[in-house]
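Each remark here refers to the structure printed beneath this line.
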Amino acid sequence: MRTMKIVADSSANLLSLAKIPFANAPLKITTSEQEFTDDSNLDVDNMVSFFDTYKGKSKTSCPNSGDFLTAFGDADDIICITITSGLSGCYNAACVAKQMYETANPGKRVCVIDTLSTGPEMQLLIEKLEEWVSDGLSYEEILPRIEPYLKQTGLAFVLASLKNFAANGRVSPAIAKITGLLGIRIVGKASDKGTLEPLYKCRGEQKSLETLFSYLKENGLVRGKLRIAHCQNEPLAQALKQHVNEQLPQVDVKILKCRGLCSYYAEKGGLLVGFEKL
Ligand code: X90
């Protein structure tokens, strides 16, 4: 019996899976005062509080190939899920790790998937992989199902600030300009190329909630899954859940907290949603 393992970088906000082996490769958030490694030891609330008052420079870095090798462990078949290559070097580092792993361990196999997304959309794929593996599907049977599944899912967000995106050169100056205005929320999505695409500017959180919900409904949320990841904004996450439960009672909604990487970019109050278009 070959052993199968799911590996993801820490932007998926998951630390373990209930039914199958899983490991995460941590990204890092670095400041001139402190470095935060986005693994299970990270106190996320403490990191978010730190950024409340920190005014200096900060940056993020992806796991290196060694970090991915550590996450691979010694499994025979590995499916490795990464954040969009449009914004991060994770996918590249994972591909290098795959080459090293397969060369050092003849017969072992790694499949690296660039999700062109992050956070709760990665979570949906990982949940689906867990389901397929527990149902007894083989590595060969699972691989061709991944890209079609990703076509049926999407990522949307509500953010109050794109300060850290701009500071890290991960949005264009034109987009950076619309942010930071008091009370303005940006509702947007992961583009087809895996970059941040703002769609609407909303005044206030209530308006952003309505806008996000309409977007989800118009883009295929009917009876599938909705996964909400928030950065210290349980009230907004609960309000969205309640609204979806009332309007689209068949949708399966779950809420979780952002880990370090997503908290850093989404910033306090930010909300990410992954949804199935079915
Ligand atoms: O390699 C690195 O240093 C990591 C860079 C990651 C940059 C993007 C993080 C996104 C976190 C924020 C809102 C969703 C935007 C969706 C765009 C695909 C989540």
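Summary table
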{"item": "Residue count, the stretch 157-173 (criterion: in contact with a Leu (Cβ under 6 Å, 6 or more places away or on another chain) and open to solvent by less than 30 Å² (accessible area, probe 1.4 Å))", "result": "3"}
{"item": "Qualifying residue in the stretch 108-128 (condition: over 21 Å from the mean Cα position of the chain (by Cα) and not in a loop (DSSP other than H, G, I, E, B))", "result": "yes"}
{"item": "Asn105 vs. criteria among the polar types (S, T, N, Q), surrounded by fewer than 13 Cβ atoms within 10 Å (Cβ to Cβ) and away from the ligand (no atom under 15 Å from the Cβ)", "result": "no"}
{"item": "Every residue from the stretch 189-224 that is within 21 Å of the chain's Cα centre (by Cα), in a loop (DSSP other than H, G, I, E, B) and more than 17 Å from Phe165 (Cβ to Cβ)", "result": "Asp192, Asn219, Gly220, Leu221, Gly224"}
{"item": "Qualifying positions in the stretch 184-201 - near the ligand (Cβ under 7 Å from one of its atoms), open to solvent by 20 Å² or more (accessible area, probe 1.4 Å) and in contact with a strand residue (DSSP E or B) (Cβ under 8 Å, 6 or more places away or on another chain)", "result": "Ala190, Leu196"}
{"item": "Members of the stretch 76-89 found to be crowded, with 22+ Cβ neighbours inside 10 Å and within 19 Å of Ser16 (Cα to Cα), listed by number", "result": "Ile78, Ile79, Cys80, Ile81, Thr82, Ile83"}
{"item": "Unique residue being outside the structural domain of Ser85 (by TED's automatic domain parsing), surrounded by 14 or more Cβ atoms within 10 Å (Cβ to Cβ) and in contact with a Pro (Cβ under 7 Å, 6 or more places away or on another chain) when the list is Ala176, Ala237, Ala229", "result": "Ala229"}
{"item": "Any pair with Cβ under 6 angstrom, 6 or more apart, that starts in the stretch 59-71 at a residue that is surrounded by 20 or more Cβ atoms within 10 Å (Cβ to Cβ) and ends at one that is of a type in the set (S, T, N, Q)", "result": "Cys62/Ser88"}
{"item": "Unmet criterion (only one of (1) open to solvent by 20 Å² or more (accessible area, probe 1.4 Å); (2) assigned by TED's automatic domain parsing to the domain that holds Leu125) for Ile142", "result": "(1)"}
{"item": "Residue in the stretch 134-148 that is part of a helix (DSSP H, G or I), within 23 Å of His243 (Cα to Cα) and among the small types (Gly, Ala, Ser) present", "result": "no"}
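Results for (1) touching a residue at least 12 places away in the same chain (Cβ under 8 Å); (2) within 30 Å of Gly56 (Cβ to Cβ); (3) in a loop (DSSP other than H, G, I, E, B), shown as yes or no for each residue.
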{"residue": "Gln232", "(1), (2), (3)": "yes, yes, yes"}
{"residue": "Gln238", "(1), (2), (3)": "yes, no, no"}
{"residue": "His243", "(1), (2), (3)": "yes, no, no"}
{"residue": "Glu246", "(1), (2), (3)": "no, no, no"}
{"residue": "Gln250", "(1), (2), (3)": "yes, no, yes"}
{"residue": "Lys254", "(1), (2), (3)": "yes, no, no"}
{"residue": "Tyr264", "(1), (2), (3)": "yes, yes, no"}
{"residue": "Val273", "(1), (2), (3)": "yes, no, no"}
{"residue": "Leu278", "(1), (2), (3)": "yes, no, yes"}
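The values are calculated or read from the model by the stated rules, or taken from the named source; none is laboratory data. These figures come from a predicted structure and were not determined experimentally. Neighbour counts are summed over all protein chains in view; Cβ atoms, including those assigned to glycine, are modelled from backbone coordinates with ideal geometry. Ligands, DNA and RNA are stripped out before the accessible areas are found, and what is left, the full protein with its side chains, is counted by its heavy atoms. Shrake-Rupley method; radii C 1.70, N 1.55, O 1.52, S 1.80 Å.
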